[in-house]
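Written below as structure tokens is the structure these notes are about.
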Amino acid sequence: MENPVEPVTQHSLAADGLAVGYDQREIIHDLSVRIPTGKITVIVGANACGKSTLLKALARLLKPSRGTVLLDGKSIQQIPTREVATKLGLLPQSPTAPEGITVADLVGRGRYPRTRWIRQWSRSDDEAVAEAMTSTDVLSIADRPIDELSGGQRQRVWIAMALAQETDILLLDEPTTFLDLTHQFEVLDLLVDLNRSEDRTIVLVLHDLNQACRFGDHLIAMKDGAIVAEGNPSQVITEDVVQDVFGLAVKVVPDPVAGTPMVVPIGRHTSAQDTPTRTSPVAAALAASAAANGVCRPSDR
Amino acid sequence: MTAEAVHVIAQARRARQTRSLVVIVVLAVVVFAIFCVSLSLGDFNIPVIDVVKTLFGGGDRATEFIVNRLRLPRALTGLLVGTALGLSGAIFQSIARNPLASPDIIGVTYGASAFAVFAIVTLGLTGVAVSAFAIVGAVLTAFIMYVLAWRHGVSSYRLILIGIGIGAIATSITSYLLTKARVEIAQQALIWLTGSLNGRDWSNVRSLAITFVVLLPVMAFLVRQLRILQLGDETAYGLGLRVEVARLGLIVVAVLLAAVATAAAGPIGFVAFVAPPIARRLTRSPGPAMITSGLLGALVVGLSDLVAQHAFGETQLPVGVVTGVVGAPYLMFLLARANRVGSGG
């Protein structure tokens, strides 16, 4: 953040000695982490490194076999799930919606943890929905069925649904995976807006390292179910760490737009001889912008 | 955020509610009309206006006898059975997020049938005893399905596949029992298996009414959770729903509704299967559309029974024959469409 204000959020999220997995297969064996409050944390790593597993455990979708996830210092498994849902919102990787559901209806269902059978829908619920839809810019399509929307619009609608929960913590599992580049940036910019406007704590899993550096305040790099490096982007994204985590040789240069670390994969078929020998500033900028545009996304390799 | 934005949201919500309300009122009127017509027709035709008068306490003694004593139990049974099937189908299809998941496609009604046929053929039972066996069969089948589908929670997909498998087993048991039976007994069992409202009396109405009194409040409570469950397990967890508890509660309600309906009138096919999709189309509702589904179930059974009773002159068919003729093409359409769009439903 540019102007470091005191975070007004009090909620905290952490994991302590966490072991978790699916069925008999344990993915994460012993992991402890503190999610910085009021910041954007990005979890990165190769496929099957356990980054989604960690996110799901933080969201209490997976029950740890050992260790605990701590929400406000209390074990998240001990807190009633509906109470958790008023503090922590979640956007799964590929959420499903009933056929024909409209934008406003879907976003409205985000109010579930805030309403009771006895205390039915009220004006404050309409207000929360309106606010969530305004900040995600989907108010103008309130009556449209979500099947008719573009991928980027649909993702914004799902984010709006999570926002309608009015939680201070928001977890997102690969929110940009099925989107084209424009929509990826649209969603990531939106997340920054949401973080800045209300000091929301945001945790997301991303594949693209350059986007992770650009949008994350705090990065967590994972390999084989353990955290390899953690800290701000320039601490985490170094040539050594990327080599270790992804097994890919890269050069890390400053992002010409943001100054954050930018990863340029080397690959097996590229050598210095193939590229123009003159390393003019123009050529460097061109290569950099190509990488920034996702031409060389590490996840594609 | 502006007041205008709040207005847009409130407006959109009201528009959805209004449409559902209009559909419900229209359907209720249609169902009542069919109900009255079915009470007016028979060996001795009574003008519909006299039927309505009689229902509300007027009318002479002869009409009252025919309408209230002779015809009302049957019509009411049809009405309640149809409603129960429509509701049960709406719950199952919404839980599974799949239009194939209705109690008459997955094993529940087949299990009820196998037990009922066992009661008729092997134990020589009739009437209430057969109904009791049918209920036990439905509940037991559902229990086995649920246990077999359980692996750290029940996935909809596993539930449907296992349900279809168990349905096939139950059907083969039924067939085996029928081949072992004497012809007259087998005939009696076959009529039960088609689903029929013939000779239904107040005892059927009573057991159905009790079921409704008990289950409707539970259902009203669970519908809110069903709407969240429709968003998929992970999103539902994220919204603070105790997914497994909610799903189990809903399955229990849906199974009991299907079981009691089947016990009262036999396995009237395809009603639970076709009513909810039509309801959702009419209300354009992405929700479970419970009330509309219930009304449409009543409408389908009522109309089918009218056709079965009166459209073929002297021959009176069991109501299940007609619902089958209506429902089977829809099943084929659904499978063809699922194949084409590759959605599996």
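The values are calculated or read from the model by the stated rules, or taken from the named source; none is laboratory data. Note that this is a predicted model, so its numbers are computed, not measured. As a convention, Cβ positions derive from the backbone with ideal geometry for all residues, glycine included, and neighbour counts pool all protein chains shown. The area values use the complete protein model at the heavy-atom level, side chains included, leaving out ligands, DNA and RNA. Shrake-Rupley method; radii C 1.70, N 1.55, O 1.52, S 1.80 Å.
Listed values, structure above:
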item	result
Tensor-based shape of the range B:102-178 (alpha-carbon gyration tensor, a/c under 1.5 rounded, otherwise prolate or oblate)	prolate
Of A:56/A:223; A:74/A:223; A:87/A:223; A:63/A:87, those spanning more than 24 Å from alpha-carbon to alpha-carbon	A:74/A:223; A:87/A:223
For B:281-288, mean number of other protein chain Cβ atoms within 10 Å	3
In range of the label at residue A:24: residues from the range B:147-177 whose backbone nitrogen is under 15 Å from the point 7 Å along Cα→Cβ	B:152
Number of partner chain Cβ atoms within 10 Å, mean per residue of A:60-69	1
Chain A: antiparallel DSSP beta bridges as a percent of all, rounded to 5	60
Accessible area of the range B:219-308 divided out per residue, in Å², using a probe of 1.4 angstrom	26
Rounded if a/c under 1.5, otherwise prolate or oblate - the range B:118-228, Cα gyration tensor axes	oblate
Surrounding net charge for residue B:229, when Lys and Arg each add one and Asp and Glu each subtract one, Cβ distance under 9 Å	+2
Interface burial for B against A (accessible surface, 1.4 Å probe, total of both chains, Å², rounded to 100)	3300
Where labels lie 7 Å past Cα in the beta-carbon direction, separation of residue A:182 and residue B:164 in nm	4.1
Accessible-area value, residue B:213, 1.4 Å probe, nucleic acids and ligands omitted, Å²	110
Average beta carbon contacts from partner chains per residue of B:271-280, 10 Å cutoff	0
Most mobile listed residue (B:260, B:183, B:25) in chain B, GNM with C-alpha springs under 10 Å	B:183
Rough spin-label spacing in nm, given labels placed 7 Å along Cα→Cβ, for residue A:121 and residue B:125	4.6
Residues in the range B:89-124 that a label on residue B:184 would reach, taking backbone N under 20 Å of a point 7 Å out along Cα→Cβ	B:117-124
Check: the protein assembly as shown dipole with +1 on Lys, Arg Cβ and -1 on Asp, Glu Cβ, in debye	1660
Highest-MSF residue in chain A out of A:95, A:175, A:233 [GNM, Cα springs under 10 Å]	A:95
Estimated translational D of the protein assembly as shown in µm²/s (Stokes, Kirkwood radius over Cα pairs; 25 °C; 0.890 mPa s)	88
Pairwise FRET efficiency - residue A:257 versus residue A:140, Cβ, R0 = 35 Å, nearest 0.05	0.75
Cβ-derived FRET efficiency at R0 41 Å, residue A:32 paired with residue B:155, nearest 0.05	0.80
Antiparallel bridges, percent of DSSP beta bridges restricted to the protein assembly as shown (to nearest 5)	60
Pairwise centroid distance, computed over Cα atoms, of the range A:109-155 with the range B:117-177, Å	41
Dipole of the protein assembly as shown, positive end: most advanced residue of B:5, A:248, B:220 [Cβ charges, Cα centre]	B:220
Chain B: most fluctuating residue of B:103, B:288, B:47 per GNM, C-alpha cutoff 10 Å	B:47
